[in-house]
Amino acid sequence: MCGRVSISEQTSIAKELHLKLADDLARPGNINVPPTLELPVFTDEKPSELQYLSWTLIPFWAKEKPKFSTFNARIENLKESGSWKHLLGKKHCVVITDGFYEWKKLDEKVKKKQAYLIRMKGMRFTLMAGLWDTWIDKNTGELINSCTIITKPANKEMKFLHDRMPCLLNLDDANVWVNAKFSLDERFAALERLKDDLLEMNFVTKVGDIDEYKYLFDQ
């Protein structure tokens, strides 16, 4: 799964990836972003624009916000699940992070855990494939653009931490994922292209409360 990520502030993302800002709101970085907060993305609808979507997808047909988890979507279920299949080939996005967190269990009772920040080697940002949708609350008229991060079985590097991982993309494959000129099969192939030996894993030291982390990178 992918349940916590780190993101940079918006101007550095836009400059590095040559994206236009969708609005003039100030969005600082956040080293510990949980589901329901906003994530920076570019989408198939506006591939040259930096947007921010709520991280927990609400399907357009939902009568209310889902009571079950929709911040991750298993790649094995995308073509069958009613939550995801209507988005395939139509509403793809790429989530822009500085990395994601997983916790290694250090004892059988899971009372002790070591956090790791996981990033793509040799890349300024760790890009993840996602899906997005637009939902309107019929009671209030509120419009919410939201997204989910697609996950797949862990590669050999990740297995010591977790059995799942995000579908990570290099920049070329990220552009394939959001480009409707490619067939759906070609776009799915982009999700499977990266295999092993692509990750950097760094210990994270907890500072006070769980929402206050800082990185300790091995030199």
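Quick notes
- The DSSP beta bridges internal to the chain are antiparallel in roughly 85% of cases.
- Sparse packing (at most 14 other Cβ atoms within 10 Å of the Cβ) combined with a DSSP loop state is found for the following trypsin sites (Lys or Arg not before Pro) in the range 1-73: Lys63, Lys67.
- For Glu49, the residues 5 or more places off, or on other chains, whose built amide H falls under 5 Å of its own are Lys20, Thr43.
- Distance histogram for the range 54-122 (every C-alpha pair counted, 10 angstrom bins, percent rounded to whole numbers): 15, 34, 30, 19, 2
- Members of Lys65/Lys105; Lys112/Lys195; Lys90/Lys152; Lys90/Lys156 lying beyond 28 Å, as alpha-carbon distances in this model show: Lys65/Lys105; Lys112/Lys195; Lys90/Lys156
- Kirkwood hydrodynamic radius of the chain, from the reciprocal of the average inverse Cα-Cα distance over all distinct pairs: 17.9 Å.
- Taking 0.36 nm per residue of separation and subtracting the current Cα-Cα distance, fully stretching the chain between Ser183 and Glu76 would add 36.7 nm.
- Between His86 and Lys112, the C-beta separation translates, for a Förster distance of 45 Å, into a calculated FRET efficiency of about 0.60.
- The range 129-171 gives an Rg/Rh value of 1.25, both radii derived from C-alpha positions and Rh following Kirkwood.
- Sites Lys159 and Ala26 - FRET efficiency at Förster radius 30 Å, r taken between beta-carbons, to 0.05: 0.15
- From helices alone, the chain scores -3000 deg cm²/dmol at 222 nm; the rule is -39500 (n - 2.57) for each run of n ≥ 4 DSSP H residues, then divide by the residue total.
Each reported figure results from applying straightforward, stated rules to the coordinates on display, with no laboratory input. These figures come from a predicted structure and were not determined experimentally. Positions of Cβ are backbone-derived with ideal geometry, glycine not excepted, and every protein chain shown enters the neighbour counts.
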